[in-house]
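The values are calculated or read from the model by the stated rules, or taken from the named source; none is laboratory data. Everything quoted here is computed from the prediction, not taken from an experiment. Please note: Cβ atoms are built from the backbone with ideal geometry, for glycine as well, and neighbour counts cover all protein chains shown.
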Amino acid sequence: MKSFLVKLRNWFYLKLLKFYYWVQLSVFKKALDLKRWCLRVLDAEIRILEPSLLQIGEVDDDDSLVEYVSRNLTQREITSKIENAAHSRSNLTTELIARSRTSDNVCTVVANYFLAEAYAALQLKEDDRKDAAINNARLFVPDAQPFEAGNIYQLHAKLKKRLGAISSELAERSALRIDFNLSDMVGAIGVTSALFVISGYLYTTVLLGAFGIDVSLFFSLADYLAASIEQIRYAAFSTIVTIIAFAAGLRHSSMRSRMESEILRPQMNRVDQWMLALVVFLAARIAWGAYNNEPSFSEMQILGGLISLWLAERMSKMIFSKPLAAQFALTALFTFVSITGVSLYKQVHDFNAGQWGNKALTKISTNFPLPVASSSLVVIAANNNYVFALSKENRTAYAIPREKIELFEVAR
């Protein structure tokens with residue numbers, strides 16, 4: 001019995017010892033990881049001090065300059081390549097080192113780097129290295145104290161949070177910004193007005209022309225504009241949403257550094273391949289639906305949106321000297337045209353198929369006899385002088401003067 005208890009005690013001590021060394025090893029690894037995080041935060045803190053410096057991976061010369069300053073502060077080896085790059089901008093390098101030594105944030109990060117180094121040296125029983133690291137830390141923070149195990153984990157979380165905040169601020173320096181002046185706004189308003197008039201003309205021409213009505217006999221310029229506002233508000237709203245989403249995505253992409261973009265390039269290429277496959281798939285489904293006289297209008301709108309984005313990107317780079325502004329304008333134009341076209345096609349298709357939707361809720365009564373009963377008429381369009389109605393019985397279209405209409409009845 002006594003022998004069994006001794007073995008049990010030894011087994012327990014062995015497990016406890018293994019756990020102790022496991023904890024020590026874990027903290028030691030965390031201390032080494034903390035050094036790496038300190039260097040990442042230090043890089044960002046140095047960049048914050050100089051407004052002309054962009055985020056890491058954006059400009060190679062900036063990266064070399066900041067790396068030189070970082071290595072100078074943390075007493076790490078400086079390669080000839082980094083040193084040459086820093087000497088080519090010696091005035092800024094000297095100034096940045098001086099500013100870094102007076103920055104509380106930079107001094108704190110550098111001190112934490114040396115304290116993490118001291119903790120790692122302590123675990124390796126290297127007292128000289130530990131004492132040197134603590135002394136170096138106190139050159140930046142005079143009252144710096146050696147780390148305990150709990151400090152390592154707490155500081156690790158703080159550094160991650162700090163790096164996220166600084167990285168966002170640095171990314172804003174590269175972010176896309178579009179400046180509008182008065183002439184740009186006047187031009188945009190003019191183009192938008194012209195687009196609305198043209199779209200109103202095309203919309204009414206196609207819609208009413210599908211049922212034999214020549215719109216040139218009944219519409220004025222003001223009627224086309226009114227028709228565009230009334231009939232195409234859904235397309236305009238969808239275009240605005242698309243442009244906002246496009247601008248947000250473009251701005252998010254612009255906040256990536258050049259290095260990040262290069263890293264993500266293979267992934268983006270795969271996305272392009274999937275998008276191409278999606279376009280082919282949608283086109284095949286749309287063609288099959290049209291062949292069976294069962295068109296899928298939602299899929300047409302998705303396909304139109306994808307093609308609009310692709311065309312706008314390619315054409316803006318091929319034709320215009322200011323591709324970014326052109327891409328915005330072309331994206332808006334192509335999206336508007338595709339959504340309007342699909343909406344118009346759907347409306348004509350539904351009317352031919354006898355699917356009246358909300359149009360059937362509006363009924364009219366006239367003060368003169370018509371070839372068909374007024375109860376069979378569905379109002380499909382109107383302007384200041386005429387109401388255009390379609391007969392449910394024979395699909396004949398009628399242009400009825402407004403003064404000949406006694407009553408509009410709208411059911412709920």
Output for the stretch 67-94, where each listed residue is part of a helix (DSSP H, G or I) and in contact (Cβ under 8 Å) with a residue 24 or more places away in the chain: Glu67, Tyr68, Val69, Ser70, Asn72, Leu73, Thr74, Ala85, Leu92, Thr93
Search result, residues across the stretch 314-328 that are under 26 Å from Phe281 (Cβ atoms) and either modelled with pLDDT under 80 or in a loop (DSSP other than H, G, I, E, B) (or both): Gln327
Sole exception among (1) farther than 26 Å from Leu225 by Cβ; (2) among the hydroxyl-bearing types (Ser, Thr, Tyr); (3) touching a helix residue (DSSP H, G or I) at 6+ places or on another chain (Cβ under 7 Å); (4) assigned to a helix (DSSP H, G or I) for Thr331, by number: (1)
Within the stretch 364-386, tally of residues that are part of a strand (DSSP E or B) and touching a Pro at 6+ places or on another chain (Cβ under 8 Å): 1
Boolean, Met300 is over 23 Å from the mean Cα position of the chain (by Cα), at pLDDT 85 or above and not basic (Lys, Arg): yes
Residue in the stretch 344-363 that is surrounded by fewer than 19 Cβ atoms within 10 Å (Cβ to Cβ), polar (S, T, N, Q) and part of a helix (DSSP H, G or I) present: yes
Lone unmet requirement of (1) buried (at least 18 other Cβ atoms within 10 Å of the Cβ); (2) of a type outside the set (Val, Ile, Thr); (3) closer than 21 Å to Asp33 by Cβ for Lys125: (1)
Selection count where residues are of a type outside the set (S, T, N, Q) and touching a residue at least 40 places away in the same chain (Cβ under 8 Å), scope the stretch 113-123: 6
Filter result (in a helix (DSSP H, G or I) and touching a Lys or Arg at 6+ places or on another chain (Cβ under 7 Å)) within the stretch 47-60: Leu49
Flag for Tyr113 being modelled with pLDDT under 85 and among the aromatic types (Phe, Trp, Tyr): no
Residue check for Ala399: at pLDDT 80 or above and farther than 28 Å from Tyr291 by Cβ: yes
Members of the stretch 8-66 that are among the β-branched types (Val, Ile, Thr) and at pLDDT 60 or above: Val27, Val41, Ile46, Ile48, Ile56, Val59, Val66
Where a residue in the stretch 124-142 is under 13 Å from Phe114 (Cα atoms) and hydrophobic (A, V, I, L, M, F, W, C) and its partner, wherever it lies, is at pLDDT below 90 and not in a helix (DSSP H, G or I), with Cβ under 8 Å and at least six apart: Ile134/Ala144; Ile134/Pro146; Ala137/Ala144
Unmet criterion (only one of (1) closer than 24 Å to Leu221 by Cβ; (2) touching a Leu at 6+ places or on another chain (Cβ under 9 Å); (3) aromatic (Phe, Trp, Tyr)) for Tyr386: (2)
Helices (runs of 4 or more DSSP H) contained entirely in the stretch 145-250, each with at least 2 residues that are touching a Ser or Thr at 6+ places or on another chain (Cβ under 6 Å) and either at pLDDT 75 or above or hydroxyl-bearing (Ser, Thr, Tyr) (or both): 182-209
